[in-house]
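The values are calculated or read from the model by the stated rules, or taken from the named source; none is laboratory data. Keep in mind that this is a model prediction, so the values were computed, not measured. Because the Cβ atoms are built from the backbone with ideal geometry, glycine has one as well, and the counts that use them run over all protein chains shown.
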Amino acid sequence: MNHPIIKIHVKNFGTMTAELYPEMAPLTVANFLSLIEKKFFDGLVFHRVIRGFMLQGGGYTADMEHKECDSIKGEFMMNGCRTNTLKHTRGVLSMARTSDPNSASSQFFVMHENAPHLDGQYAGFGKVIEGDEVIDKIANVETGSYGWYMQDVPVESVVIETMEIVQE
C-alpha cells in the first residue's frame with residue numbers, strides 16, 4: 001500500500017516529515033490529507049504540550065480561537081475498527097477527540113514518548129520519520145494555563161507555518 005508523506009513546517013522549530021498509514025485508518029488519512037490540501041492547518045498552533053507525553057495541535061489559532069471542521073468516525077479498536085493496530089509510540093500521529101468516539105476532526109497529536117494506555121482508544125494514523133529533534137524542541141517549551149479551562153498551553157505560540165503533501 002502507498003504511504004503518503006507529509007511535511008509539517010513549524011515556525012522557529014523546524015520540519016517534521018511523517019508517513020501516513022491508510023491501511024490503519026483510511027478515513028482519518030483521507031480527512032487529514034484533505035485538510036492539508038485546503039491549507040486548513042496553516043497558521044494554527046500546537047496548543048497543548050506535555051513533555052514526556054504528547055504535542056497536540058490543529059484546532060486553534062495563535063489567539064486561541066477554535067477553528068472548526070466536520071467530525072469523522074473514530075478509527076480505533078475500542079470503536080470497532082479492527083484494522084488499526086498502530087501503537088502509540090514515540091513519533092506516532094494520532095487524532096485527538098472528546099469523550100465521543102466519533103468526534104475527531106482536525107486536532108491531532110504527536111507522541112513525545114510511548115503511551116500504551118492510548119492504544120486502541122485513539123486513531124493512530126502516521127509516524128514522524130524525520131525531524132525527531134523537532135518533537136523534542138517543542139516538548140521542551142515553557143507551558144502554562146490559558147484561562148481556567150486549558151492547561152499545558154505553550155507560553156509562546158508554537159505555530160504550524162504550513163503542512164504539505166510531498167508524496168501521495
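Among (1) in a helix (DSSP H, G or I); (2) farther than 25 Å from Arg82 by Cα, which single condition is Val166 missing? For Val166, the exception is condition (1).
Checked against (1) farther than 16 Å from Phe109 by Cα; (2) surrounded by 15 or more Cβ atoms within 10 Å (Cβ to Cβ); (3) touching a residue at least 60 places away in the same chain (Cβ under 8 Å), Thr83 meets all criteria but (2). The number of residues in the stretch 144-162 that are within 16 Å of Phe53 (Cβ to Cβ) and surrounded by 17 or more Cβ atoms within 10 Å (Cβ to Cβ) comes to 4. Among residues of the stretch 7-20 being surrounded by 22 or more Cβ atoms within 10 Å (Cβ to Cβ) and out of contact with any Ser or Thr (no Cβ under 9 Å at 6 or more places or on another chain), the one that is nearest to Ile129 (Cα to Cα) is Ala18.
Table: residues versus (1) within 19 Å of Glu161 (Cα to Cα); (2) aliphatic (A, V, I, L, M); (3) in contact with a Phe, Trp or Tyr (Cβ under 7 Å, 6 or more places away or on another chain).
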site: Asn2; (1), (2), (3): no, no, no
site: Val29; (1), (2), (3): no, yes, yes
site: Arg48; (1), (2), (3): yes, no, no
site: Arg51; (1), (2), (3): no, no, no
site: Gly58; (1), (2), (3): yes, no, yes
site: Asn79; (1), (2), (3): no, no, no
site: Arg82; (1), (2), (3): no, no, no
site: Gly91; (1), (2), (3): no, no, no
site: Ser94; (1), (2), (3): no, no, yes
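Summed over the stretch 129-143, residues that are more than 10 Å from Val49 (Cα to Cα) and of a type outside the set (Val, Ile, Thr) total 6. For the stretch 86-103, filtered to residues that are of a type outside the set (Asp, Glu) and over 25 Å from Glu130 (Cα atoms), the residue that is surrounded by the most Cβ atoms within 10 Å (Cβ to Cβ) is Arg97. Would you be able to say whether some residue in the stretch 72-88 is modelled with pLDDT of 95 or more, assigned to a strand (DSSP E or B) and either closer than 17 Å to Leu118 by Cβ or out of contact with any Leu (no Cβ under 6 Å at 6 or more places or on another chain) (or both)? No, the stretch 72-88 has no match at all. Can you give me the number of residues within the stretch 46-63 that are touching a strand residue (DSSP E or B) at 6+ places or on another chain (Cβ under 6 Å) and part of a loop (DSSP other than H, G, I, E, B)? Adding up the residues that qualify gives 1. Identify all residues within the stretch 108-153 that are part of a loop (DSSP other than H, G, I, E, B), within 14 Å of the chain's Cα centre (by Cα) and among the hydrophobic types (A, V, I, L, M, F, W, C); write none if there are none. Residue satisfying the conditions is Ala123 alone. Inspection of the stretch 47-58 finds a residue satisfying the criterion of being in contact with an Asp or Glu (Cβ under 9 Å, 6 or more places away or on another chain), surrounded by 15 or more Cβ atoms within 10 Å (Cβ to Cβ) and charged (D, E, K, R). With respect to Phe76, is the statement that it is within 17 Å of Ala18 (Cα to Cα), among the aromatic types (Phe, Trp, Tyr), surrounded by 18 or more Cβ atoms within 10 Å (Cβ to Cβ) and in contact (Cβ under 8 Å) with a residue 40 or more places away in the chain true? Against the criterion (within 17 Å of Ala18 (Cα to Cα), among the aromatic types (Phe, Trp, Tyr), surrounded by 18 or more Cβ atoms within 10 Å (Cβ to Cβ) and in contact (Cβ under 8 Å) with a residue 40 or more places away in the chain), Phe76 does not qualify.
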